[in-house]
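**Student:** Input: one structure, supplied below.
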Amino acid sequence: MAKITVTEVEHVAHLARLTFSTEEVEAFTRQLNDILEFIDKLDALDTAGIEPTTRAIELLNVFREDEVKESLPVEEATGNAPLAEEGAFVVPRII
Amino acid sequence: MSNLTDLTISELRQLLDRREVTSTEVTKAYLQRIQGVDPRIHSFITVTEEEALEQAKRADERIFSGASSSLTGIPLGIKDVICTRGINTTCGSKMLENFRPPYNAHVMERLEEHGAVMLGKLNMDEFAMGSSTENSAFFETRNPWDLERIPGGSSGGSAASVGARLCCASLGSDTGGSIRQPASHCGVVGMKPTYGRVSRYGLVAFASSLDQIGPLARSVKDCAILLEAISGHDPRDSTCLPAPVPAYSKACSEGLDGFTIGVPEEYFVEGLDPEVERAVKAGIDTLESAGAQIERISLPHTEYAVAVYYIIATAEASSNLSRYDGVKYGFRAEGYSNLIEMYKKTRAQGFGPEVKRRIMLGTYCLSAGYYDAFYKKASQVRTLIIQDFKEAFKKCDCLAAPVAPTTAFRLGEKVADPIQMYLSDIFTIPVNLAGIPGISVPCGFDSKGLPVGLQLMAGHLQEEKLLRAAFNLETALNLQVKWPET
């Protein structure tokens, strides 16, 4: 049985801010199903009570002094933007 | 001096410091070789000739004044995932095709302090996602030992360029094997250091809990020299360890008496090419003859590592790559009527198929209702994989295993089958999940003449043990005299 349907793939694509052609959605649905089936093997393991690992080396409370340091000039920070004006990024109208 | 490009960092260092050769001469020799040979290998995305010659000139002045350090005047290549101020850093993606970082990565600052020379930026799978460098948005890189085969990936350009002697050594990045696997396929030495050993500041993020920068070189000692130069604390990466940096190159002088090497049975299973198995086992025998004690051990959760990796790495990637929105830097698509449409068109046109596949998988695994079943489950199994290693390192100084199940495969062979491609990282992924260091050392050739790598793994911050074992193996096998003709 398919684990993920075409409709779900389209929903996930929206969440990920991606668009696909009909053929692409079909291909992705097939491939994602294969991958999810492969991932299924984890279900064979009983992990009740096992702490999840989010980082392999635990470093707790990495603090530093809150000092004002030199930062990138606005010109350089916006220098790679596809569209920038007067030190600001230009985007389509939102409101 | 016709073969300046055949020399290791250590050999060049002596010649440079004795003023028998200048960095400018070496740099020119490499640039000339790149011009002649790279049109067949395709390892460089950008060659920074002008900057390289300028850096070489400054290095020569420094050497002349007697103030050289280990890398002064040594020509290196840099994977195009590492930010270089004012020089294109594409990540092998259309998304960043024209991106010129306004700052240097921490490792680039280190190399600059040393007065190293950068020859250019090296090809890679898009956003470091892949095992063959075929996912580069620009072109495929060829394996210098057989031009019809892949160099491995994702640091394919970093490995192929060192193997083809187009740079003296290089930097790559390794999230699931992306330094060790191409190093194995191209017959060079490649190391993924302990997570946090090298600052990730300025490394374009793929999976932040797994990514690590490391060296690729033509000898274990060169690998140690480069590792020493780039390691150490950097407050700009909060996961970077404040541990002192040992003199790694010194680790190469010790023998293997009293040294225990574990051989995990789960790494010698069905799917491992018999010729690779033979070469790796011969390498382990060589380590035993060199004085090491060999122990059979078990890492029982190995078979789950690939599944864990493709949940954790894609989940982290889907979050990290949300920054490519066509606003702050990089590509923006044309023809949109609102913000959401601009995002979608930009990302649909800017990313290649494998990157999209991983963003989709990661987004799905993190989406409402699935988090526990996928991400939490994978993170729990990750704990079990880490426990396996902890047990093993109670008895062993390091572990020896294959790097990849096969030697370099043919271009196009696995492109259509993502799972087959993912399985080529089966032996390298556990090291990333556990955050431990791993190194790939050439240990022989298959019947087609393709190089085979042997992988050594050690506990957190035990890079010296890896280098010690690797150096002894390299010395006993004495393979490095052989290089591809290209």
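Coordinate-derived values only; no laboratory data. Keep in mind the model is a prediction, meaning the values are calculated, not measured. Please note: Cβ atoms are built from the backbone with ideal geometry, for glycine as well, and neighbour counts cover all protein chains shown.
**Student:** Considering only C-alpha atoms, what is the centroid distance from the range B:69-97 to the range A:1-45, in Å?
**Tutor:** 35
**Student:** Just from the alpha-carbon atoms, what are the Rg and Dmax of the range B:44-99 in angstroms?
**Tutor:** 13.9, 44
**Student:** Which whole-number percent of Cα pairs in the range A:50-95 have a distance greater than 15 Å? Intermediate values should be presented prior to the final figure.
**Tutor:** Details: 715 of 1035 pairs.
That tail contains 69 percent of the Cα-Cα pairs.
**Student:** Students often get this wrong: which residues of the range B:71-92 have the backbone nitrogen under 11 Å from the point 7 angstrom along Cα-to-C-beta of residue B:236?
**Tutor:** So the set is B:83-85.
**Student:** Among the lysines, which fall within straight-line cross-link reach of residue B:28, defined as a Cα-Cα distance under 25 Å, with same-chain neighbours fewer than 8 residues apart omitted?
**Tutor:** Reachable lysines: B:57, B:79, B:121, B:221, B:482.
**Student:** Sort largest first and round to whole Å: the equivalent ellipsoid semi-axes of chain A, each the square root of five times a Cα gyration tensor eigenvalue. Mind showing how you got there, number by number?
**Tutor:** Numbers: eigenvalues 311, 180, 21 Å².
Semi-axes, largest first: 39, 30, 10 Å.
**Student:** So how far apart, in nm, are the two label points at residue B:349 and residue B:257 if each is 7 Å from Cα heading toward Cβ?
**Tutor:** In this crude label model, residue B:349 to residue B:257 measures out at 6.8 nm.
**Student:** Which angle between 0 and 90 degrees, to the nearest 10, do you get for helix A:6-15 versus the longest principal axis of chain A when only C-alpha atoms count?
**Tutor:** With both axes taken from Cα atoms, the answer is about 20 degrees.
**Student:** So for each of B:227-238, B:374-385, B:69-80 I average, over its residues, the number of other beta carbons within 10 Å; can you give me the resulting order with the highest mean first? Each step should come with its number before you reach the end.
**Tutor:** On the way: B:227-238: 19.5, B:374-385: 21.8, B:69-80: 27.2.
Descending packing order for the listed peptides: B:69-80, B:374-385, B:227-238.
**Student:** Helix-derived [θ] at 222 nm for chain A: sum -39500 (n - 2.57) over DSSP H runs of at least 4, divide by residue count, nearest 500?
**Tutor:** One gets -10000 deg cm²/dmol as the mean residue ellipticity at 222 nm.
**Student:** Here's something else I'd like to know. Could you check the simple spin-label distance between residue B:51 and residue A:6, using points 7 Å along Cα→Cβ, in nm with one decimal?
**Tutor:** That separation, rounded to one decimal, is 4.8 nm.
**Student:** A follow-up question, please. How far, in nm, would the chain grow between residue A:14 and residue A:55 when pulled straight, counting 0.36 nm per residue and subtracting the alpha carbon separation? Walk me through the numbers on the way to the answer.
**Tutor:** Working: separation 41, 0.36 × 41 = 14.76 nm, distance 2.90 nm.
Roughly 11.9 nm would be gained on extension.
**Student:** Now for a separate question. What whole-number volume per residue, in cubic angstrom, does the convex hull of the C-alpha atoms of the protein assembly as shown give?
**Tutor:** Working: hull volume 94.2 nm³, N = 581.
About 162 Å³ per residue, rounded to a whole number.
**Student:** For the range B:304-376, what is the convex hull (Cα atoms) projected area averaged across all directions, in square nanometres? Mind showing how you got there, number by number?
**Tutor:** Numbers: hull surface 22.1 nm².
Projected area, direction-averaged: 5.5 nm².
**Student:** Which lysines have a Cα less than 28 Å from the Cα of residue A:3, not counting those fewer than 8 places away in the same chain?
**Tutor:** A:41, B:344, B:345, B:356, B:376, B:377, B:414
**Student:** Next question. Tell me, what are the semi-axes, in whole angstrom and largest first, of the equivalent ellipsoid of chain B as set by the roots of 5 times the Cα gyration tensor eigenvalues?
**Tutor:** Details: eigenvalues 191, 171, 84 Å².
Over the Cα atoms of chain B, the semi-axes work out to 31, 29, 20 Å.
**Student:** A further question on this structure: For helix A:22-39, report the angle its Cα long axis makes with the longest principal axis of the Cα atoms of chain A; keep it between 0 and 90° and round to the nearest 10°.
**Tutor:** Relative to chain A, helix A:22-39 is tipped by roughly 70 degrees.
**Student:** Nearest 500 deg cm²/dmol is fine: what mean residue ellipticity at 222 nm does chain B get from its DSSP H runs of n ≥ 4 alone, each adding -39,500 (n - 2.57), divided by its residue count?
**Tutor:** That calculation yields -11500 deg cm²/dmol at 222 nm.
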